[in-house]
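Reviewing the structure listed below.
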Amino acid sequence: MDPALQEVLREGAADDAVPAIIRLEPGQEPPPHLQVVARFGDIATVRIRRGDVGEAYASDAIASFKAIQWLMPEPEVGDAPMDELVQTPAARETDGRREPGWPTGRGTVVAALDWGLDFTHPDFRHENGRTRLRALWDQGARYDARHPNRYGYGRVFDQAAIDAALLELDPFKALGYEPRRADRGSGTHGTHVLGIAAGNGRSGGPEGFAPEAELLFVHMGASAGHGGAQSLTDSAAVLEGLDFVHRVAGAAPACINLSMGTHGGPHDGSTLVERGIDAFLLSLPGRYVVQSTGNYFSRRVHSAGRLSTGERIRLPLIIDADDTTPNDVELWYRGSDTFRITVEGPDGREYASAELGQTAVVKDNGQEIGRLYHRRNDPNNQDHQVVLRLDAPAAVGRWTVVIDARHVVDGRWNAWIERDSRCAPCQSMFPGTHAVRSTTTGSICNGQESIVVGAYDARQPQRPLGRFSSAGPTRDGRSKPDLLAPGVQVLSARSRPLNARSESTLLTRMSGTSMAAPHVTGSIALLCEILGGRPSHRQIRELLRQTCRTHEGADPLAPQRSGAGRLDTLAALRLAQQSLPQTPPSPIA
């Protein structure tokens, strides 16, 4: 059984509703005691009584049963001081995203699954003041049976409700949605991201790529309202957010931005949320998912190596003195191999050990302080999984995971320390001697079908990579990211601060692959407008990759970080136009 699922079963009552994701055997239907919420092909999000999990797990109809995976917005990196926002003309010259004569995204829907959208912002309103949003789903809102939705949690606001709230003195209070709860000091993440993709520039800043697209927004929360911090969501909520966008977008092409992730997972595209995204794209025409590759290049959270039979490696893990949260280390290795795993504490004593297929309790002087799972052959990739969970507060200092290679055919292994959701400065890490910067992509951006974006600095003549932008390849050797886009000090919409007295703070700069991804999301809306109908996501991805500008850099890992190169929206638009049966009368400028 999945280690995360075993952790879920440790706590709570038997009657509690537990969210999960399942993969069905081909041609099978879910067992009757599972409530299916969203389904794409053989992947489905479900709710189940905690007491029924064991029976469902053993069902012949289910090929894989997984607990939810916690996810977060990409961490903020290097935001500009407020006095630099709009007062540097030289910087503003590099902030434009569109050229005259480009399409505007008309007839398309641009959606973001993110945190905090200031729906009062001028960039998301028409000239008459009405909203550009078709709908907004606040997954974190308290469920109200008077306003039901098919998902059973959160609150959905339609266009009419948003327009009515915009006429009130306090629109946030009138609607019952407070986006600023997600503001970590520099404006909300979702406002900035959606502004890059599709803002109309009415705030005085640069237009987004698709200023006439219709908008959708999902303020991420925990599926089924089962708890979690305000900055957290989970893998089931992500798939249900995609289902919501699909249903509301209808026949229109929907370009969806996902700027979120964590560190853990197998990094080979086999997680059920990644398989669900792939199935969503393959089964529904006119749907496009763009993901950020992650800001983890320099975070020292990945290690890797290769062992031969009889070899041993000691992998240190440093827990910060101020860390009061649980710590998870996840290790994956080939199903053809057999390792033995031992955990040693900061005092050098052995705290637990597990052969392949075993689970061990991590004890300190007889007291349980964690678990060590050594799972055989995950059903989604047939590889072996090791999870070390140290409960909070674990002993600080230098822990050691000892890997003994008992029988080796391949020998390769990869390990990641999970991201700290509550204290970023307290993040546990590997020492520099053991940290490996390759394969540092985020936990859910390694699928086969989505478009994954890294970041470069468009303000510099040399166009250097963002120092934070994660590197591929995936653990199974595929190139990620697919391409690069500007992600350093990007100027876009800022949500209204809680104590705002004027409209002088409607713009801000942010950095990260979160800012790079919406450049591509908005560009896809323009391609859809030119091509008409609902072109396939693979056709769109190939158009973007074919027209990228080659990225060259001194960084020896640049090839693993840059994919096909830098986004060239103009070249992609021209190639799309050339592919049409007859040349339109007005060529792209």
List pairs: first residue in the range 113-130 and on the phi > 0 side of the Ramachandran plot, second residue assigned to a loop (DSSP other than H, G, I, E, B) and open to solvent by less than 10 Å² (accessible area, probe 1.4 Å) anywhere in the structure, Cβ distance under 7 angstrom, at least six positions apart or on different chains.
G116/T188; G116/S495
Name every residue in the range 1-23 that is farther than 17 Å from E240 by Cα and surrounded by 13 or more Cβ atoms within 10 Å (Cβ to Cβ), in order of residue number.
M1, D2, P3, A4, L5, Q6, E7, V8, L9, G12, D16
Which pairs do you get when a residue that is of a type in the set (D, E, K, R) and in a loop (DSSP other than H, G, I, E, B), found in the range 314-337, comes within reach of a residue that is crowded, with 18+ Cβ neighbours inside 10 Å and at pLDDT below 95, reach meaning Cβ atoms under 7 angstrom, with the pair 6+ apart or on two chains?
D320/S428; D323/S428
Against the condition closer than 17 Å to G105 by Cα and in contact with a Phe, Trp or Tyr (Cβ under 8 Å, 6 or more places away or on another chain), how does H551 come out, does it pass?
no
Picking from S283, S292, the residue that is open to solvent by 10 Å² or more (accessible area, probe 1.4 Å), farther than 21 Å from S428 by Cα and either touching a residue at least 40 places away in the same chain (Cβ under 8 Å) or of a type in the set (D, E, K, R) (or both) would be S283
All-but-one check, G152 against (1) in contact with a strand residue (DSSP E or B) (Cβ under 9 Å, 6 or more places away or on another chain); (2) at pLDDT 95 or above; (3) more than 17 Å from L498 (Cβ to Cβ), failing number (2)
Can you pull out the strands (runs of 3 or more DSSP E) entirely within the range 30-82 that have at least 1 residues that are at negative phi and polar (S, T, N, Q)?
35-40, 43-49, 62-67
Out of R398, R419, R371, R459, I need the residue that is in contact with a His (Cβ under 6 Å, 6 or more places away or on another chain), of a type in the set (K, R) and in contact (Cβ under 8 Å) with a residue 40 or more places away in the chain. Which one?
R419
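Every residue, every condition in (1) farther than 20 Å from H267 by Cβ; (2) acidic (D, E); (3) open to solvent by less than 20 Å² (accessible area, probe 1.4 Å); (4) in contact with a His (Cβ under 9 Å, 6 or more places away or on another chain), yes or no:
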{"position": "V490", "(1), (2), (3), (4)": "yes, no, yes, yes"}
{"position": "A516", "(1), (2), (3), (4)": "no, no, yes, no"}
{"position": "S523", "(1), (2), (3), (4)": "yes, no, yes, no"}
{"position": "L527", "(1), (2), (3), (4)": "yes, no, yes, no"}
{"position": "L544", "(1), (2), (3), (4)": "yes, no, yes, no"}
{"position": "R549", "(1), (2), (3), (4)": "yes, no, no, no"}
{"position": "S562", "(1), (2), (3), (4)": "no, no, yes, yes"}
Would you mind stating whether D95 is under 30 Å from D234 (Cα atoms), acidic (D, E) and open to solvent by less than 50 Å² (accessible area, probe 1.4 Å)?
no
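The values are calculated or read from the model by the stated rules, or taken from the named source; none is laboratory data. Just so it is clear, the structure is predicted and the values come from calculations on it, not from any experiment. With ideal geometry, Cβ positions are generated from the backbone for all residues, glycine too; neighbour counts draw on all protein chains shown. To get the accessible areas, we keep the full protein, side chains included, count just its heavy atoms, and leave off ligands, DNA and RNA. Shrake-Rupley method; radii C 1.70, N 1.55, O 1.52, S 1.80 Å.
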